[in-house]
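J.: One structure, pasted below without further comment.
Read-outs throughout are calculated quantities, based only on the coordinates presented, and are distinct from any laboratory measurement. Keep in mind it's a predicted model, so treat the numbers as computed, not measured. Quick reminder, even Gly has a Cβ in these numbers, built from the backbone with ideal geometry, and neighbours come from all protein chains shown.
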Amino acid sequence: MNQRLEIHPVNPQPRLVAQAVGVLEAGGLIAYPTDSGYAFGWKIEAQAAQERVMRLRGLDSRHNFTLVCRSLSEIGTYARMSDVAFRLIRSLTPGPYTFLLPASAQLPRHLKQTKKRSVGVRIPDHRVALALAEGLGEPLSSSSLILPDEDMAGWEVDDLYDRVARDVDFFIDSGFCGNQPTTVIDLLGDAPWVARQGKGEVPFA
């Protein structure tokens, strides 16, 4: 049976964060808050949890999942950054942005986008999300809590919980945190471009 716990969005209770981290370490799937709405989260090695997300969202192998990282140096472990990419990411994080970068050799194969060998990375401006990654001691695999054929505009936390309660192992309730997805910036080519306009403003558009 899944658990629903209220964790403070500004001062996350360590004991409750540890409970969620325990679920992640056991290979579980959680729903958790970010600065751009709620998301699914799982441990990098938890391929079964990732497959659950793919079924829930109707995704295929071309989809870029996101690593929620704690720092630029941690991003550099799993992705390769040019000088231009590094400066741009540094200027926009933490914040509601996801960056598509070439994957490094350290990234597990099942997280690499099939053809481009790329990975999405971000540093969210939300203390609960960062506390989860800190508790894991590694990035948190993540995907926006967006469901196919659902008009989720205006949904409150109770609505989200009612919809996914049977599909996740742990639901973190930190109150409403928006429902606008991140802005996705593609840094795979020579110049950055916006793959998806979301919550984050783009300085170069």
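J.: Where does helix 14-25 land angle-wise versus the long Cα axis of the chain, in degrees 0 to 90, nearest 10?
T.: Taking the Cα atoms of the chain, the angle to 14-25 is about 70 degrees.
J.: Still on this model: Would you please classify the overall shape of region 1-110 from the alpha carbon gyration tensor, given that a ≥ b ≥ c denote the square roots of the eigenvalues, rounded means a/c under 1.5, and beyond that prolate means a/b larger than b/c while oblate covers the rest?
T.: Numbers: a/c = 1.92, a/b = 1.30, b/c = 1.47.
Since a/c reaches 1.5 but b/c is at least a/b, the shape of region 1-110 is classed as oblate.
J.: Moving on to the next point. Ignoring solvent entirely, what values of log10 I(q)/I(0) come out of the Debye formula for the chain at 0.07, 0.10, 0.14 Å⁻¹ when each Cα is a single scatterer?
T.: Rounded to two decimals, the profile gives -0.18, -0.38, -0.77.
J.: Can you pull out the trypsin sites (Lys or Arg not before Pro) in region 71-155 that DSSP calls coil and that have at most 12 other Cβ atoms within 10 Å? Kindly include the intermediate steps, with their values, before the conclusion.
T.: Working: sites: R80, R87, R90, R109, K112, K115, K116, R117, R122, R127; in loops: R80, K112, K115, K116, R117.
Sparse-neighbourhood loop trypsin sites (Lys or Arg not before Pro): K115.
J.: If you place +1 on the Cβ of every Lys and Arg and -1 on the Cβ of every Asp and Glu, how big does the dipole about the Cα centre of the chain come out, in debye to the nearest 20?
T.: About 780 debye.
J.: Another question, then. Can you list which of the GluC sites (Glu not before Pro) found in region 110-205 are DSSP loop residues with at most 15 other C-beta atoms within 10 Å?
T.: Those that pass, being in a loop and sparsely packed, are E150, E156, E201.
J.: To continue, here is another question. Based solely on its DSSP helices, what 222 nm [θ] is calculated for the chain when runs of n ≥ 4 H residues each add -39,500 (n - 2.57) and the sum is averaged over all residues, nearest 500 deg cm²/dmol? Mind dumping the intermediate values first?
T.: Details: 6 runs with 58 residues, N = 205.
About -8000 deg cm²/dmol.
J.: Then there's this: What are the chymotrypsin sites (Phe, Trp or Tyr not before Pro) within region 87-188 that DSSP puts in a loop, where the Cβ has at most 15 other Cβ atoms within 10 Å? Could you put the intermediate results ahead of the total?
T.: Details: sites: Y97, F99, W155, Y161, F170, F171, F176; in loops: W155, F176.
Sparse-neighbourhood loop chymotrypsin sites (Phe, Trp or Tyr not before Pro): F176.
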